[in-house]
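Everything below concerns the one structure shown next.
The values are calculated or read from the model by the stated rules, or taken from the named source; none is laboratory data. As the structure is a computational prediction, the values presented were derived from the model and not from experiment. Cβ coordinates were reconstructed from backbone atoms using ideal geometry, including for glycine residues, and neighbour counts include every protein chain displayed. Areas reflect the complete protein model, heavy atoms only, side chains present, ligands, DNA and RNA absent. Shrake-Rupley method; radii C 1.70, N 1.55, O 1.52, S 1.80 Å.
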Amino acid sequence: MMKPTLAALLACAICPTSAALATPTANEPTAQPVVLFGEEPADPVATQIQDQIRIQSVIDNMHRVTLGAIDQQADQDLADAISAAIDTMPQAPDFLTKRDNAALVAFYEERAFAPAWFNNGEWTAKARKLIFNLARAERDGLDPSDYKTPSLATSRKKGTSAGAIAKADLALSLALTRYTRHAYAGRVDPRIFSKKEVTIKPHYPDSIDALNQIVKADNPVAKMRSYNPQHKGFLALRAEYNHLRAQGSEDDTPPIASGKSLRVGMRDDRVPLLRRKLGLAAAKDESSNTLYSKELAKAVETYQSDNGLIADGIVGNATLSVLNNNRRDLIADIIANMERWRWLPRDLGDFHVMVNIPTYNLEVVKNGKTIHETRVVVGKKAHKTPVFSDEMEYVVVNPYWNVPRSIASKELLPKIKANPAAFFSNQNYQVLASVKGRTQVIDPSKLDWDRVEADMVRLRQTPGTRNALGNIKFMFPNQHAVYLHDTPSKSLFNRDYRAFSHGCVRVNKPFEFADVILSQTSKWDASRIKAMLGSNERRVNLTKKIPVHLAYFTTWMSHEGTLQLRSDIYGHNAKVKAALGL
């Protein structure tokens, strides 16, 4: 039998039926290889091996070309399928869905409709991690059911069509768009509250950029979760929330019934349950079982101190309210508070003022550290201090108090009409009215007060010790006409419950606060401000505007790492929980 030539072997590899055309027959003479002078005759075996290597190389190249063409076509089919799926997306029922869909369209148009999460028809490693972590969104106080992710079984190798792969790619992008929006801005629109209560517009992320950032990130899960607030307060609260979740939501201790405040020496059937709530062992003998002892009062004082209550060792309604928060309710409260962290600006300011309304507390924060802290008095339930952010621009020393029209008509005008002379002789109020087109101070005795209505005049209190604003006010002009100020009613700062104002925030030790605020303005401090007391109203402009945040948190972590709880004085937390379905 004749040895096949290279042409025959190649022909056979390409098309077996063509081998006969290239293989010599038995009757044909075999061509002998030509050997030049000085050369050794070629080894037939080595020649055949080299021929086979060259043939395999040709075949491999042909396979690569063929497979490349197939892959290119498959990728194009997938891009076409993604484009078609986008064209047939259902009409969005609301603004936010429309916004998410628009981001999706723009994201894929920038990519020429190439898949973001598939490579050669298979899920990328990044995509698998993202799907797994979206299913664990509860770690961030979010609901995994809001982020519908596709099946990991989707695979071109397993026969999944281009249309189904396209829908899976879109589904993951949509889930990520929704997650980053929820993580960044929250699931509850703050505008469910009246504008008098909460004046915050949702601040949504750039959803197109969010998808691009996650696609490109070496750690896509970390990038995805970075859309949650990165404030220390949020991160600390989230850590405690996950700690409580790990413990389970069941609390086997029933609530302690309300009743007389417990004091040392009293006997009460609630004492054994109180001991359990505090994690203390039962009393050693039965006679002490119901006794509220000095030892128990000490434990209560420690608990009160840790939770921001007055540490007097007396178990009253405020202490019972904190003690009776069971774990399930507490987890729901924390989720609602985490939600409100999402409403705050991402940049609170390197130097800023934070007022937490439910805690009646003010902090000045510089570079992430609290440098000043003091008690405040906030608005009554009927005159809630609004929740919003703005910038402090100036300080006023010896301020007039321009009485808001609502206070003048509802509270002051009836007193004036009852006895005008007595009112104006004791209260240091002035009456302003428009006379011939000019606003002037007029003598109140010249008016017939029985015929005067609130919109005819304006009342203001002159500077001095009786002035409702005290000696100084801190201005961040806003639509609510709310500001921080001194007060002559100093005793209110000693109370646990401090919701007594008409909406403005009264500051304890205002000149210490002023010293901290003026540290950002050259040549000014509290001593210079005090030197101005007793004179006319003076305004001091701040060199740099200072962000002020009036916030509402009923749960948070103290600087010492202890979970703090406060009463929901305005009902805001309950409303957010209801909106979240908690």
* Filtered residue count, region 361-392, keeping only those that are crowded, with 16+ Cβ neighbours inside 10 Å, among the charged types (D, E, K, R) and under 23 Å from ARG528 (Cβ atoms) -> 1
* **Where THR385 falls short, out of the listed (1) within 17 Å of ASN478 (Cα to Cα); (2) within 24 Å of the chain's Cα centre (by Cα); (3) in a strand (DSSP E or B)** => (3)
* On the given criteria, is LYS284 farther than 22 Å from SER567 by Cα, out of contact with any strand residue (DSSP E or B) (no Cβ under 6 Å at 6 or more places or on another chain), open to solvent by 60 Å² or more (accessible area, probe 1.4 Å) and not in a loop (DSSP other than H, G, I, E, B)? -> no
* Can you pull out the residues in region 75-105 that are over 33 Å from the mean Cα position of the chain (by Cα) and open to solvent by 90 Å² or more (accessible area, probe 1.4 Å)? -> GLN76, ASP87, THR88
* Scanning region 561-582 for residues that are in contact (Cβ under 8 Å) with a residue 60 or more places away in the chain and part of a loop (DSSP other than H, G, I, E, B), which turns out surrounded by the fewest Cβ atoms within 10 Å (Cβ to Cβ)? -> GLY561
* Residue check, VAL505 against (1) among the β-branched types (Val, Ile, Thr); (2) more than 30 Å from LYS195 (Cα to Cα); (3) out of contact with any Lys or Arg (no Cβ under 9 Å at 6 or more places or on another chain), all met but one. Which one? -> (2)
* Which members of region 106-116 meet the condition of being surrounded by 14 or more Cβ atoms within 10 Å (Cβ to Cβ) and within 29 Å of the chain's Cα centre (by Cα)? -> PHE107, TYR108, ALA116
* Asked: Just wondering, is there one or more residues in region 231-245 that are over 19 Å from the mean Cα position of the chain (by Cα) and modelled with pLDDT of 95 or more?
  -> no
* open to solvent by 20 Å² or more (accessible area, probe 1.4 Å), of a type outside the set (Ser, Thr, Tyr) and outside any loop (DSSP other than H, G, I, E, B): does that describe GLN72? -> yes
* **Pairs, first in the same structural domain as ARG181 (by the TED database) and of a type in the set (Gly, Ala, Ser) in region 200-214, second assigned to a helix (DSSP H, G or I) and open to solvent by less than 50 Å² (accessible area, probe 1.4 Å), C-beta under 6 Å, six or more apart** => SER207/ALA103; SER207/THR177; ALA210/THR180
* Among the residues of region 147-180, count how many are farther than 17 Å from PHE113 by Cβ, open to solvent by 40 Å² or more (accessible area, probe 1.4 Å) and among the aliphatic types (A, V, I, L, M). => 2
* Asked: For region 278-316, which residues satisfy the criterion of being on the phi > 0 side of the Ramachandran plot and without any contact (Cβ under 8 Å) to a residue 40 or more places away in the chain?
  -> GLY279
* Asked: Checking ASP268 against (1) under 30 Å from ALA135 (Cα atoms); (2) at pLDDT below 95; (3) open to solvent by less than 60 Å² (accessible area, probe 1.4 Å), which test does it fail?
  -> (1)
* To do: Go through LEU21, LEU36, LEU67, LEU9 for me and flag whichever is outside any helix (DSSP H, G or I), out of contact with any Gly (no Cβ under 8 Å at 6 or more places or on another chain) and modelled with pLDDT under 90.
  => LEU36
